[in-house]
1. Could you look through the range 118-135, keep only residues that are touching a residue at least 40 places away in the same chain (Cβ under 8 Å) and under 18 Å from the mean Cα position of the chain (by Cα), and pick out the one that is surrounded by the fewest Cβ atoms within 10 Å (Cβ to Cβ)?
2. Quickly run through the range 276-287 and pick out the residues that are surrounded by 20 or more Cβ atoms within 10 Å (Cβ to Cβ) and part of a strand (DSSP E or B).
3. Select from the range 1-29 the residues that are free of Cβ contacts under 8 Å to residues at least 40 places away in the same chain and not hydroxyl-bearing (Ser, Thr, Tyr) and list them in ascending order.
4. Read through the list (1) more than 22 Å from LYS200 (Cβ to Cβ); (2) of a type in the set (Ser, Thr, Tyr); (3) surrounded by fewer than 16 Cβ atoms within 10 Å (Cβ to Cβ), then give the number of the only condition that TYR68 fails.
5. Among the candidates GLY135, GLY246, GLY225, GLY156, which residue alone is small (Gly, Ala, Ser), more than 26 Å from ALA36 (Cα to Cα) and modelled with pLDDT under 95?
6. For residues that are β-branched (Val, Ile, Thr) and either farther than 20 Å from TYR286 by Cβ or without any contact (Cβ under 8 Å) to a residue 12 or more places away in the chain (or both), scanning just the range 229-265, find the one that is surrounded by the most Cβ atoms within 10 Å (Cβ to Cβ).
7. For SER146, state whether it is within 18 Å of MET70 (Cα to Cα) and either within 17 Å of the chain's Cα centre (by Cα) or of a type outside the set (Phe, Trp, Tyr) (or both).
8. Condition check: under 24 Å from LYS134 (Cα atoms) and either surrounded by fewer than 20 Cβ atoms within 10 Å (Cβ to Cβ) or touching a Cys at 6+ places or on another chain (Cβ under 7 Å) (or both). Does ILE105 satisfy that?
Amino acid sequence: MYIDKTGKKWYKVALHLHTTLSDGLLTPEEVAKKYAADGFDAIAITDHWHFYPRNELSGIEIIAGCEYNMNNCGRDTIKGVMHIVGVGMKKEPVYKAGATRQQIIDAIIDVGGVAVLAHPAWSLNTMQDVKELKGFSMLEIYNGLSAEDGHSAYSGYIVDVLANEGIFFPLTATQDSHYYDERDGIPSYVMVNAESNSTKDILAAIAEKKFYATQGPELYVRREGANIIVDCSECVRMDFISNSSGGNKIVKGEGITHAECKINEWEKWMRVEAFDKDGKCAWSNYIVL
C-alpha cells in the first residue's frame, strides 16, 4: 500500500497473469511469492479457461480470475481472435461448449465478475467487434507481453476511436506475465484508490474509476473549470490526448511534476499519458468534457 501526500491509500494490483495451470512457467504459489516481493497488494490469476477462485497466498490477495481466448486457432486474427479476462467472480462462470463472446461476458457478470477486453490491438479487434458486445467494464490500453511478442502492445487508437463515438472505457495496463523474465515486457499494472486490498474493495474502487494504469509513474488528473490539471511523480513528457485532430498539448522537460491544459471548445474528452526518464508510462482514464 502507498499513501499519497493527501492521505489517500493506493494499492498496487496486477489483473492479468498466468501460471502452470495453463501456459505460465511458475505455479500459483511461486507467482504470489514473486508479486508480493515486488510490492503488489493484490493479483488476479487468469489462466486460460481455468477458473482460479479468490484466495490468499504469501500474504497477498488473490482475486478470482480466468482468461477466455476465443477462436485462438493458430492465432489467426482473420478468424476473429478475442481474449476476454474475467476477474472477481464469486464462483466459476457457467457456459456451454462453443459459447459466444457475449455468452462468456454474460457468464462472468452473472457470478459477480468484471469482464475486461485484453490486448485488443494485438488481437486486431475492430471497433465493431467491441461495439456489438455488451458488458465490458475495462479495456487494456497496454499489454506488456504483446510488446515482446512482436507488436501491438498499445491500444490507444482503438480506445480513442471508441471515445469519439461516446464510448468511454476505463483503461487498464497489464504485464500478462507468462515467463516471469524480460519476455513479459515492462511491469504494467493499476494503482487503485481503495479502502483495502480485499477483492470487494478493489472491485468497488475500479467500478468508481478510482484507479490509473501505470508502469511506475504516479499520475493524478482532474478537471478544474476550463482546465485539466495534472500532478505526477517526476516525468519528462506529458501528453494531453483528446478528440482534437492536431495541436494536442505536449509538455516536455526535466522533473515535471505539474502541468495544466486549457480545454478547447470542440474537445469532448481528454486523457493523459505521462512518461518518466526511463520511458515508463502512466495512463489516466478519460475525462468526459
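1. Applying the first criterion (touching a residue at least 40 places away in the same chain (Cβ under 8 Å)) to the range 118-135 yields 118-119, 123-125, 129.
Add one more test, that the residue is under 18 Å from the mean Cα position of the chain (by Cα), and what stays is 118-119, 123-125.
On the way: ALA118: 27, HIS119: 29, SER123: 24, LEU124: 15, ASN125: 22.
In this case the residue turns out to be LEU124.
2. Result: CYS281, ALA282, TRP283.
3. ILE3, LYS5, GLY7, LEU21, PRO28, GLU29
4. (3)
5. Working: GLY135 fails: modelled with pLDDT under 95; GLY225 fails: modelled with pLDDT under 95; GLY156 fails: modelled with pLDDT under 95.
Result of the check over GLY135, GLY246, GLY225, GLY156: GLY246.
6. Residues of the range 229-265 that are β-branched (Val, Ile, Thr), as a first pass: 229-230, 236, 241, 250-251, 256-257, 263.
Then keep just the ones that are either farther than 20 Å from TYR286 by Cβ or without any contact (Cβ under 8 Å) to a residue 12 or more places away in the chain (or both); that gives 236, 256-257.
Working: VAL236: 16, ILE256: 19, THR257: 13.
Step by step, filter the range 229-265, then rank; the result is ILE256.
7. Working: within 18 Å of MET70 (Cα to Cα): yes; either within 17 Å of the chain's Cα centre (by Cα) or of a type outside the set (Phe, Trp, Tyr) (or both): yes.
Criteria met by SER146.
8. Details: under 24 Å from LYS134 (Cα atoms): yes; either surrounded by fewer than 20 Cβ atoms within 10 Å (Cβ to Cβ) or touching a Cys at 6+ places or on another chain (Cβ under 7 Å) (or both): no.
Answer is no for this residue.
The values are calculated or read from the model by the stated rules, or taken from the named source; none is laboratory data. Given the structure is predicted, the values throughout are model-derived calculations rather than measurements. Counting neighbours? That spans all protein chains shown, and the Cβs are built from the backbone with ideal geometry, glycine included.
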